[in-house]
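Have a look at the structure below, then the notes.
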Amino acid sequence: MKTAIQPQPGILDIALYQGGTSKIIGRDDAVKLSSNENPFGAGDMARQAYLRAGHDLHRYPSTDHGPLRAAIAARYGLDAGRIICGAGSDEVISFLCQAYAGPGDEVLYSQHGFLMYRISALAAGATPVAAPERDRTTNVDALLAACTKRTKLVFIANPNNPTGTMIPISELERLAKKLPAQALLVLDGAYAEYAEGYDGGAALVDQRQNVVMTRTFSKLFGLGGLRVGWGYGPQHVIDVLGRVRGPFNLSTTQQDVAEAALADEAHISRSLAENARMRTWLADRLNAIGVATDPSYANFVLARFKDPAQANACNTALLAGGLIVRKVDSYGLPECLRITIGDESACRRVLHVITQFMEQQA
């Protein structure tokens, strides 16, 4: 039955976001490697803070996230007054689209960029625009060529999801410098901690008035289930975003646990060291058996097969072996599988199954 009640333009063009599969029917030993989660979970300090938070469930949370913003600022050397917190960095991305893009505006992103850029643009009534990549890597020249007088936001994930590739800070600086005057560059740093020596673009934010950085607690800190993220930007942007943010968008539990996670140096160091070790190990061995991977600067590798059929067949073999990875057809990469770097046991299981599969393909 038709109705006169209709959503805003763009809403019905949004394909529902599909998260990584988490279960295999009939198996209780499945290993989930589809959502880029920390295989070691949250650290002990975060777990303890989670238990303590239960004593104050009847209290409203802080509205300004002051202690958490101060802890973030202290860890990364930032100005706490220019930090905004959200329910995952997804919410900060949504704030940006809500505040700066609407009907008649364009939101630009890289070809294989995070799906939420398109979704958030459409939700705001703006037009999403994808710029071509070069060898699955962000192409600054293509982004600049795609800019128009309607471009209001440019999203770049660096390192990128789902490719794992990244571009140097010099290229980000070039992009920021040459963008149209009305455009804001958003550097999505969900995986920034995994790229050694990279600040996620924080220094660039401090140098310019047209750059914002977003970050998350869902990956390295193992808090995906709590949904905590944050953004850092020029004061004029943070002031605007604060006007669209709900006053109680983060619970006391979210804030307290995230603050504790920032201080757990042992967990952070172990997680980074093991990810780097097993990422190199798995990528080298996949390449050796004929499954190509680009250098990854994140906590996953993108395995490339000869065609979509082979990728689908390998995914079936992995599922049969109790291993859940991510098909990335929706990112325009149907010949690829994204594989989260798990612990050593999980990585060895992945390699064993894919090696057997490739031998059968020969």
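Any read-out appearing in this document is the output of simple, stated calculations on the displayed coordinates, not a laboratory observation. What you see is a predicted model; the values in this text were computed from it and never measured. Quick reminder, even Gly has a Cβ in these numbers, built from the backbone with ideal geometry, and neighbours come from all protein chains shown.
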Checklist outcome for this item: In region 253-362, the trypsin sites (Lys or Arg not before Pro) that sit in a DSSP loop and have at most 14 other Cβ atoms within 10 Å of their own Cβ are 306
Item to check | Of 2/23; 23/306; 32/178; 149/219; 23/219, pairs whose Cα-Cα distance is over 30 Å | outcome: 2/23; 32/178; 149/219
Item to check | Selection from 146, 340, 216, by position along the positive dipole direction of the chain (Cβ) | outcome: 146
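Take 259, 274 and order them by how many other Cβ atoms sit within 10 Å, fewest up front.
Numbers: 259 22, 274 19.
Ascending Cβ contact count within 10 Å gives the list 274, 259.
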Checklist outcome for this item: Taking N as the residue count of the chain, its alpha carbon Rg divided by 2.2 N^0.38 Å gives 1.00
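Work through the residues other than residue 218 whose Cβ is under 13 Å from its Cβ and net out their charges, Lys, Arg +1 and Asp, Glu -1. Write out the running numbers ahead of the final one.
Values: positive: 215, 219, 227; negative: 37, 90, 91, 188, 193.
After counting each charged neighbour, the total is -2.
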Checklist entry - Placing +1 at every Lys and Arg Cβ and -1 at every Asp and Glu Cβ, with all other atoms neutral, what dipole size does the chain have around its Cα centre, in debye to the nearest 20? => result 540 debye
Checklist entry - Which distance in Å, rounded to a whole number, links the C-alpha centroids of region 292-306 and region 144-215? => result 21 Å
